[in-house]
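The structure appears right after this line, and notes come after that.
The values are calculated or read from the model by the stated rules, or taken from the named source; none is laboratory data. Everything quoted here is computed from the prediction, not taken from an experiment. Note that we place each Cβ from the backbone using ideal geometry, even for glycine, and neighbour counts take in every protein chain shown.
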Amino acid sequence: MHSLLQLRTPACCLLVATLFIITPGDAAAQEGVPSPRVQCAAGQAAAYACDGVDLLSRLAPADMGAMTENGQSTLNDLWGWTDAETGMEVAVIGRSNGTSFVDVTDPSSPQYLGNLPLRAGTVASSWRDVKVYADHVYITADNADGAGVQIFDLRQLRGLASGSRTFAETAVYDGISRAHNLVINEDSGFLYVVGSGGESSCGGGLHMVDISEPASPQFVACFSDPGTGRAGTGYVHDAQCVTYQGPDTDHTGREICFGLNETHVTISDVTDKTAALPLARASYPNVAYVHQGWLSADQRYFFQGDELDEQQGITTSRRTLVWDVSDLDDPVLATEYFAPGTSIDHNMYVVGNRLYQSNYVDGLQVIDISDPENPQQIGFFDTQSVPGTWSGSWSNYPFFRSGAIAVTSSHDGLFMVQESDRALVTDVAEAAELPQVVRLASIYPNPFQNATTVIVEVDRRMHVRLFVTDMAGREVLGVHNGDMPAGTQHFRIPAATLAGGAYLVHLDGDGVSATQSIILLK
């Protein structure tokens, strides 16, 4: 979903900014007393346990719409939005009683913008999920009949100063009554509602929705893999769906979903929504609850958490399962990574060679996956102050251009943190000039007969190599190898130099690689 090139300014060029730190029980801090970035030193940052992760800011739940007549609601899921037009960065935070929007363009000084209430007639829910596509956020809730999927146009946030506004939803998708989770493939423009309830629940499997027109979603089809899930209906608790560019060339360019189905990890081809195909299912020793996971940047490995193994005493310490999925039809459990502590692992995401994992009472864990089969924890930040097995860090969002990581903690608020050895970009104009992605934007026509055009997008001048190989990996055509200016570049591949058949177009630039298949008809 994210082929992001995350760049940082060098340590010598750190931009020092003012931020607001709120420490537990510190009334002065809750009034917004300014303070510099709090470095993690001797295992502490402003009363929070840490290692190698600094505190930029904290926004308490009460300061972003979480107070109700019955007290404080809890926080749960979050996602992020970067406005391509203005550079504004927003954290979208699920609460049991609604959704909060926080401007984190300067992560040292987050600004609460307002609240999207629960859908009328629905009840509060501890399980809310949010995802973003094409400047719109999609929100659902579990155990809340009638919640459907709320849709909100995030462009309404442009230019707003901090304030306690109440927003109205832009649209609602009523194809399901409630759901546990939402999954979006930004490349295909499809929303996959999973763990849903209601008449069109698809057995809790993939409820597939076309969101190419973001505010006018259209149901397309159901898909489930019976025999998985606790009820055997193919229930999907969470998933990641991608346009596949990994090492298994049999499936290059196909839309593949990796499902976390309570009892199994599943892999499915959903390119044809009305004729989706199960490719593989896999289990492992001491399964308790297959919960959530994320692919490595090269799509060769899949990192997966089991939510209940620690709680049930099945494992002696925190466990992350690492799957070798280089053959999508035959995934292999490469290793089980055990980390200190017995807290429950929840959501995890990959950026480059880092795995960012939220672990409830132990907060955010930073894991080096340079060697995917030998992960190493290199940092953490404990967000929790309220004791309890299910309190603490629910989720995190590590994809912001600034390098800051947003972390939700159920009772403690929104934390903006950053690895200690990385610098922060807080100036919007400067951040807008930094590369967000280098990518193969499109190839057209494909298949082709006379010639095809490859479009590459970069956000700053960098060295880029673009070349074509046959399906056996032999290079057959060099297209470009040198500096490329910022912007969009078009490269023509003529048919005259190639025989008919299938090929792979490869892009390499500043540590990011991408591959896409092409077909020459002759």
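The condition (being in contact with a strand residue (DSSP E or B) (Cβ under 7 Å, 6 or more places away or on another chain) and modelled with pLDDT under 90) is satisfied by just one residue among Ala502, Ala472: Ala502.
The residue list Thr105, Thr140 contains one member that is in a loop (DSSP other than H, G, I, E, B) and either on the phi < 0 side of the Ramachandran plot or aromatic (Phe, Trp, Tyr) (or both), which is Thr105. When Arg254, Arg281, Arg300, Arg319 are checked against the criterion of being of a type in the set (Lys, Arg), touching a Pro at 6+ places or on another chain (Cβ under 8 Å) and at negative phi, a single residue qualifies: Arg300.
From the list Ala134, Ala120, Ala161, the lone residue that is surrounded by fewer than 18 Cβ atoms within 10 Å (Cβ to Cβ), in the same structural domain as Val242 (by TED's automatic domain parsing), without any contact (Cβ under 8 Å) to a residue 12 or more places away in the chain and not acidic (Asp, Glu) is Ala120.
Against the numbered list (1) under 21 Å from the mean Cα position of the chain (by Cα); (2) farther than 25 Å from Trp79 by Cβ; (3) not in a strand (DSSP E or B), Arg319 comes up short only at (3).
Taken together, the residues in the range 350-380 that are within 17 Å of the chain's Cα centre (by Cα), in a strand (DSSP E or B) and among the small types (Gly, Ala, Ser) amount to 1. Kindly establish whether Val456 is at negative phi and either modelled with pLDDT of 85 or more or not assigned by TED's automatic domain parsing to the domain that holds Pro107 (or both). So Val456 passes the test. In summary, Ala431 fulfils each of the numbered conditions (1) modelled with pLDDT of 85 or more; (2) surrounded by 14 or more Cβ atoms within 10 Å (Cβ to Cβ) with the single exception of condition (1).
Of the numbered criteria (1) in contact with a helix residue (DSSP H, G or I) (Cβ under 6 Å, 6 or more places away or on another chain); (2) on the phi > 0 side of the Ramachandran plot, the one Gly52 fails is (1).
Considering only residues in the range 284-297 that are assigned to a loop (DSSP other than H, G, I, E, B) and either out of contact with any Pro (no Cβ under 7 Å at 6 or more places or on another chain) or among the aromatic types (Phe, Trp, Tyr) (or both), the one that is surrounded by the most Cβ atoms within 10 Å (Cβ to Cβ) turns out to be Ala297.
Taken together, Val236, Val287, Val270 contain a single residue that is touching a Gly at 6+ places or on another chain (Cβ under 9 Å) and hydrophobic (A, V, I, L, M, F, W, C), which is Val236.
For Lys273, work out the one condition from (1) in contact with a His (Cβ under 8 Å, 6 or more places away or on another chain); (2) modelled with pLDDT of 95 or more it doesn't fulfil. Of (1) in contact with a His (Cβ under 8 Å, 6 or more places away or on another chain); (2) modelled with pLDDT of 95 or more, only one is false for Lys273: (1). Of all residue pairs spaced 6 or more apart or on separate chains, those with beta-carbon atoms under 9 Å, a first member in the range 477-488 that is under 15 Å from Ala441 (Cα atoms) and a second member that is of a type in the set (Asp, Glu) and surrounded by 10 or more Cβ atoms within 10 Å (Cβ to Cβ) are Ala486/Glu433; Ala486/Asp459; Gly487/Glu457; Gly487/Asp459; Thr488/Glu457. When Ala27 is tested against (1) at pLDDT 85 or above; (2) not assigned by TED's automatic domain parsing to the domain that holds Pro398, just one condition goes unmet, and that condition is (1). Every condition in (1) modelled with pLDDT of 95 or more; (2) touching an Asp or Glu at 6+ places or on another chain (Cβ under 9 Å) holds for Phe101 except the one numbered (2). Taking the range 198-281 as the region of interest, the strands (runs of 3 or more DSSP E) fully inside it that hold 1 or more residues being surrounded by fewer than 20 Cβ atoms within 10 Å (Cβ to Cβ) are 206-210, 218-223, 238-243, 265-269. Residues that are outside any strand (DSSP E or B) and free of Cβ contacts under 8 Å to residues at least 40 places away in the same chain were ranked within the range 85-102; the one that is farthest from the chain's Cα centre (by Cα) is Asn97.
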